[in-house]
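Engineer: I'd like to ask some things about the structure below.
The values are calculated or read from the model by the stated rules, or taken from the named source; none is laboratory data. Every value quoted in this text rests on a predicted model; they were computed, and no experiment measured them. Glycine also receives a Cβ, built like all others from the backbone with ideal geometry; neighbour counts cover every protein chain displayed. Ligands, DNA and RNA are excluded from the accessible area calculation, which covers all protein heavy atoms including side chains. Shrake-Rupley method; radii C 1.70, N 1.55, O 1.52, S 1.80 Å.
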Amino acid sequence: MHYCSTRGGVRGWDFRDVLFSGYAPDGGMFMPETVPPLSSDTLRGWRGLPYTKLVVEVASLFIPTQQIPREDLEGTSGDTGGSAIQSAKGLSGLDVLVVYPRGRVTPVQEKHMITCLKDNIHVFAADGSSDDIDQPLRRLFADPELVRSHGLMSLNSVNWSRVMIQLAHFIYAYLELSGMEQMEADGDLPELEVVVPTGGAGNIAAGYIVKQMGVPLKLVAMVNSNDIVHRTVTTGDFSMAADVTQTLAPAIDIQDPYNMERVFWLLLDRDGASVKNMMEEFQQSHRLSLPENHRRLLSQVLSTGTVTDEGILETMRRCWEENQYVLCPHTAVAVWHHYHCPHSPTLNRCYVATASPAKFKAAVEKAGLTFDLPETVLALDKLATRYENLERNPNWCKDWEDRLREKIQSVSSVRKNRGTYYI
């Protein structure tokens, strides 16, 4: 298995190269050069596997055993900053640098990051949106010497490995919920509709890859008021709004859904040159109009919808009234579709639930609901904090890039001398 960039400038990289990276050197995103097919026999053989075992099976399709043995592949993904910190805190030889948008995550999400005082955890609070943060990070990963000399890698869905693990979410859902066990051994596999709350489009990209592997999925991407994915599918308008709208579902408050580049690449039969032209135009002008034939192709593999904050609250209330289940606001973006878009009784449907309502206390209360916070969450209020600010100024993008570059270099220098960074 080898990997290439969606923009055509890089080919033949192995999994280790891609794992220890972020954006490709040409500005694109890494994808496997070939997508392994999944036969109906393979899917039937995987039915009944625990989720962690299925992850191993899926990851093994993309990772040679000589690079990562199968027994080392059990794990999963979660809230990116908090998960990275919890999995890596205190480890020697590994430093984690987290940048989050101050005021655009909930207090619980923030406290999960800023209360870790381990020497190898470095947290920055940026005065901007997730899209703003992405700009200096792109510049850092475009510097091959910086990436190579300091062993930089990205842990969000820019990194192929994050999307690769998300493939298992869709395959597991299909095995459990499609009704395939009722089909004859030689019959066609049933279709499953999967509804996904969408921001950066990582989950949707994973779902589309699984569809390309031969699993019959009907994909629905639901967005909040930051509706660029919805506009792209319905009108071909792949353009950023003037500002990112802050909503009750902050993790998907994104106007630059960078994983759509992976979707476009697959949609256009891996035409790196076309994707390069499209994405460079989008990055320069923040506007792109899809040709109608491209938009039509996209609408054939992806349906979309958009949900207001009031729609989120309405969905949270209704789910509680009918099921006594408290949704997080992101999951509610998907579940809104259940109440407003009836489906055929012959087609099974599932919704991707993305987070615990414990992280979104204000939204739960605004919906008129209550949720008892776990003791581990309540305990966060008593912990000391440590973080650095990335202030907004007229030259903020270059300033943030320089600050992050300086942090990377200074941490690396301390580690080479086997020193402690925080005294």
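Engineer: I'd like the residue in the stretch 153-192 that is assigned to a helix (DSSP H, G or I) and within 14 Å of Leu219 (Cβ to Cβ) and, out of all such residues, is most open to solvent (accessible area, probe 1.4 Å).
Structural biologist: Ranking the qualifying residues of the stretch 153-192, first place goes to His169.
Engineer: Just to be sure, is Ser39 touching a residue at least 40 places away in the same chain (Cβ under 8 Å) and either surrounded by 14 or more Cβ atoms within 10 Å (Cβ to Cβ) or not β-branched (Val, Ile, Thr) (or both)?
Structural biologist: It is true that Ser39 is touching a residue at least 40 places away in the same chain (Cβ under 8 Å) and either surrounded by 14 or more Cβ atoms within 10 Å (Cβ to Cβ) or not β-branched (Val, Ile, Thr) (or both).
Engineer: Just one of (1) touching a helix residue (DSSP H, G or I) at 6+ places or on another chain (Cβ under 8 Å); (2) within 30 Å of Ala358 (Cβ to Cβ); (3) modelled with pLDDT under 95 trips up Asp243, so point out which.
Structural biologist: Status for Asp243: all satisfied but (1).
Engineer: Name the residues in the stretch 227-240 that are open to solvent by 30 Å² or more (accessible area, probe 1.4 Å), in contact with an Asp or Glu (Cβ under 8 Å, 6 or more places away or on another chain) and not in a helix (DSSP H, G or I), would you?
Structural biologist: Met240
Engineer: Would you mind telling me which numbered condition in (1) in a helix (DSSP H, G or I); (2) crowded, with 17+ Cβ neighbours inside 10 Å; (3) modelled with pLDDT under 90 Arg148 fails?
Structural biologist: (2)
Engineer: While we're on this one: Return yes when Pro216 is of a type outside the set (Asp, Glu) and modelled with pLDDT of 95 or more and no when it is not.
Structural biologist: yes
Engineer: Next question, about the same structure. So which residues in the stretch 327-366 are free of Cβ contacts under 8 Å to residues at least 60 places away in the same chain and over 20 Å from Val196 (Cβ atoms), if there are any at all?
Structural biologist: If the condition is that a residue be free of Cβ contacts under 8 Å to residues at least 60 places away in the same chain and over 20 Å from Val196 (Cβ atoms), then Pro345, Thr346, Val364, Glu365 are the ones that fit.
Engineer: Filter the stretch 81-91 for residues that are surrounded by 19 or more Cβ atoms within 10 Å (Cβ to Cβ) and farther than 23 Å from Arg418 by Cβ; which is modelled with the lowest pLDDT?
Structural biologist: If we take residues in the stretch 81-91 being surrounded by 19 or more Cβ atoms within 10 Å (Cβ to Cβ) and farther than 23 Å from Arg418 by Cβ, then Gly81 is modelled with the lowest pLDDT.
Engineer: Which condition does Glu33 not pass, out of (1) at pLDDT 90 or above; (2) out of contact with any His (no Cβ under 6 Å at 6 or more places or on another chain); (3) among the charged types (D, E, K, R), if it passes all the others?
Structural biologist: The single condition Glu33 does not satisfy is (2).
Engineer: Within the stretch 202-226, how many residues are open to solvent by less than 10 Å² (accessible area, probe 1.4 Å), within 20 Å of Gln255 (Cα to Cα) and assigned to a loop (DSSP other than H, G, I, E, B)?
Structural biologist: 2
Engineer: I need the full set of residues from the stretch 221-270 which are among the small types (Gly, Ala, Ser), farther than 20 Å from Thr106 by Cβ and out of contact with any strand residue (DSSP E or B) (no Cβ under 7 Å at 6 or more places or on another chain), in order please.
Structural biologist: Ser239, Ala241, Ala242
Engineer: Sticking with this structure for a sec: From Val18, Val99, Val55, grab the single residue that is open to solvent by less than 40 Å² (accessible area, probe 1.4 Å), closer than 30 Å to Met278 by Cα and in a helix (DSSP H, G or I).
Structural biologist: Among Val18, Val99, Val55, only Val18 is open to solvent by less than 40 Å² (accessible area, probe 1.4 Å), closer than 30 Å to Met278 by Cα and in a helix (DSSP H, G or I).
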